[in-house]
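Below is one structure, written out as structure tokens; comments come after it.
The values are calculated or read from the model by the stated rules, or taken from the named source; none is laboratory data. Owing to the predicted nature of the structure, the values given are computational and were not obtained by experimental measurement. No Cβ is skipped: glycine too gets one built from the backbone with ideal geometry, and neighbour counts run over all protein chains shown. Please note that ligands, DNA and RNA were not included when accessible areas were found on the heavy atoms of the full protein model with its side chains. Shrake-Rupley method; radii C 1.70, N 1.55, O 1.52, S 1.80 Å.
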Amino acid sequence: MPVEICPLPKTRNVDSINAAFESIYKKTPTFYIRVPGRVNLIGEHVDYCGYGVCPMALEQDIFLAVATDDTQKKLNLHNLDKKYESYECPLDTIEIVLNDAAPKWYQYFLCGVKGVLELLGETERNKIKGLEVMVDGSIPQSAGLSSSSALVSAAALATTHSFQVCCAKLIEFEPLRSAEVQLPPGAVFVIAHSMAKMNKAATTDFNSRVVECRLAAQIIGQRKGLDWTGVRRLGDLQKTLGVTLDEMIALTKEILHERPYSKEGVIRELNTTSTQLDRLSLTPNTRDIQSFKLHQRALHVFNEAKRVQQFYETCKNMTGGEDSLLLLGNLMSRSHESLKELYECSHEALDRIVDLAKGLTLGTRLTGAGWGGCTVSLVASENVEKFVNLLIESFYKPLGVTDGFESLVFRTEPMDGARVYTPI
Ligand code: ADP
């Protein structure tokens with residue numbers, strides 16, 4: 001893999017990770033991996049429907065110091081934060097056993113390593129060496145800022161780099177398109193943690209939304225003469241029908257009633273059986289749900305997909321004027337309103353931040369899956385300090401928080417993506 005030499009971000013100091021690495025492994029690291037967290041600026045709950053989103057890399061990251069060990073094929077894993085237990089295992093027989101509890105931190109790492117090893121042929125796999133790793137992470141967790149994905153990606157990159165496997169192989173799992181978005185001058189994004197945490201694995205909320213979108217697509221597809229069993233995502237349905245987002249919004253209003261659908265109602269609409277519906281449309285943990293809000297969920301998805309397009313267009317045509325900033329802020333506020341009212345995935349703590357933010361930001365919305373986690377606000381540069389102080393005084397202090405505000409509410413600039421760093 002060609003290694004690009006570039007400086008580490010100013011925010012990343014390697015002294016403490018080097019010292020910890022050397023004291024444990026008695027050598028210096030051969031390379032570093034940095035994978036940033038990310039905040040989604042707009043486009044929530046539309047990715048799994050087949051629509052684009054607008055993520056921005058953060059300065060907070062998962063940072064690894066790594067060395068290879070020629071003497072044994074073992075993974076050795078330590079974390080700078082002592083609350084994460086050290087771990088070691090043979091590299092040729094990685095086992096990841098999950099039970100109902102939340103995964104252990106090192107299991108995320110193992111997923112990244114195993115994913116890469118499984119792509120290697122037997123000869124390549126036989127060449128693997130041991131890996132010695134020290135992890136240091138600064139991404140707030142379970143806040144919708146992708147700390148666990150960053151850990152998995154960092155592990156995959158470390159494995160790839162240490163075995164000199166070509167990276168491109170890894171990311172061809174789906175054709176991905178991306179376009180650079182130039183963000184506005186004169187304003188920055190501020191992230192604020194609501195202090196409410198949602199564990200996606202422990203509730204059916206998230207999966208029920210995925211299923212509601214699928215059912216909405218299947219019912220609209222059926223009414224438009226398609227075989228509903230082949231319809232999975234609202235975005236794919238739009239492509240098959242060859243219509244615009246506005247036309248999808250009109251179809252949603254015409255075909256899906258506002259009243260929640262019962263499971264029997266869905267079965268009737270699709271002219272199917274409960275067994276077939278369970279098998280083709282539902283997931284094991286959504287089979288007992290009896291009420292589905294299809295009209296509301298589909299309306300959110302199509303309107304949110306439109307807002308992403310408008311956000312992108314506004315950034316592209318940005319003249320630097322205040323009007324563009326107002327427009328972007330307005331799109332973010334409307335996104336939150338829709339997530340709260342139509343998608344029902346907000347949380348009272350998130351709504352409180354949104355209310356407090358009204359006078360001082362151009363727009364504020366929840367970011368990530370919702371039901372807790374963070375908000376992201378677009379804030380004119382001159383108001384950032386006032387806004388941060390307002391949240392400290394009126395949101396965090398009344399909740400009993402007395403320190404550590406800088407990791408709860410912070411401004412963020414767009415940062416570099418994931419990279420391998422080698423000492424020169
Ligand atoms: P997120 O939305 O931030 O990815 P999750 O709840 O899905 O939140 O994942 C958080 C988990 O990721 C943590 O419980 C931990 O196991 C792992 N993790 C995140 N950051 C670190 C870190 N710096 N060190 C070790 N494990 C981490």
If packing is taken as the average count of other Cβ atoms within 10 Å, what order do 383-392, 275-284 fall into, highest mean first? 383-392, 275-284
On a 0 to 90 degree scale, rounded to 10, what angle separates helix 294-316 from the longest Cα axis of the chain? 60 degrees
Cα centre as origin, Lys/Arg/Asp/Glu Cβ charges: the range 20-106 dipole, Debye: 260 debye
Mean accessible area per residue over the range 87-157 (1.4 angstrom probe, all protein chains present, square angstrom) is 49 Å²
Enclosed volume per residue, in Å³, of the convex hull spanned by Cα atoms of the chain: 171 Å³
Under 19 Å from K74, Cα to Cα: lysines that are on another chain or at least 8 residues apart: K26, K27, K104, K114, K127, K129
Could you give the angle, 0 to 90 degrees to the nearest 10, between helix 147-162's Cα long axis and the longest principal axis of the Cα atoms of the chain? 50 degrees
What is the projected area of the convex hull of the Cα atoms of the range 278-424, averaged over all directions, in nm²? 14.4 nm²
For the range 218-273, what is the accessible area per residue in Å², given a 1.4 Å probe and the full set of protein chains? 54 Å²
Quick check: from the Cα gyration tensor, does the range 5-101 come out rounded (a/c under 1.5), prolate or oblate? oblate
So if R0 is 25 Å, what FRET efficiency would E337 and E313 give, r being the distance between their Cβ atoms, rounded to the nearest 0.05? 0.75
Given a 1.4 angstrom probe, I'd like the percentage of the accessible area of the range 98-153 that is carbon and sulfur, rounded to a whole number. 47 percent
Rounded to the nearest 20 debye, dipole of the chain from Cβ charges on Lys, Arg, Asp, Glu: 580 debye
Determine the calculated [θ] at 222 nm for the chain from helices alone, applying -39500 (n - 2.57) to every DSSP H run no shorter than 4 residues and normalising by the residue count; nearest 500 deg cm²/dmol. -12000 deg cm²/dmol
Please build a GNM for the chain, connecting alpha carbons under 10 Å apart, and tell me which residue among S146, S381, S346 fluctuates the most. S381
For the chain, calculate the relative contact order in percent as a whole number, restricting contacts to Cα pairs under 8 Å that are 6 or more residues apart. 24 percent
Of the options S338, F63, N207, report the single residue whose Cα projects farthest towards the positive end of the charge dipole of the chain (beta-carbon charges: Lys, Arg +1; Asp, Glu -1). N207
How big, on average over all directions, is the shadow cast by the Cα convex hull of the range 66-136, in nm²? 5.1 nm²
Give me the angle, in degrees from 0 to 90, between the Cα long axis of helix 105-119 and the longest principal axis of the Cα atoms of the chain, rounded to the nearest 10. 90 degrees
Rounded to a whole %, the carbon-and-sulfur portion of the accessible area of the range 187-323 at a 1.4 Å probe is 46 percent
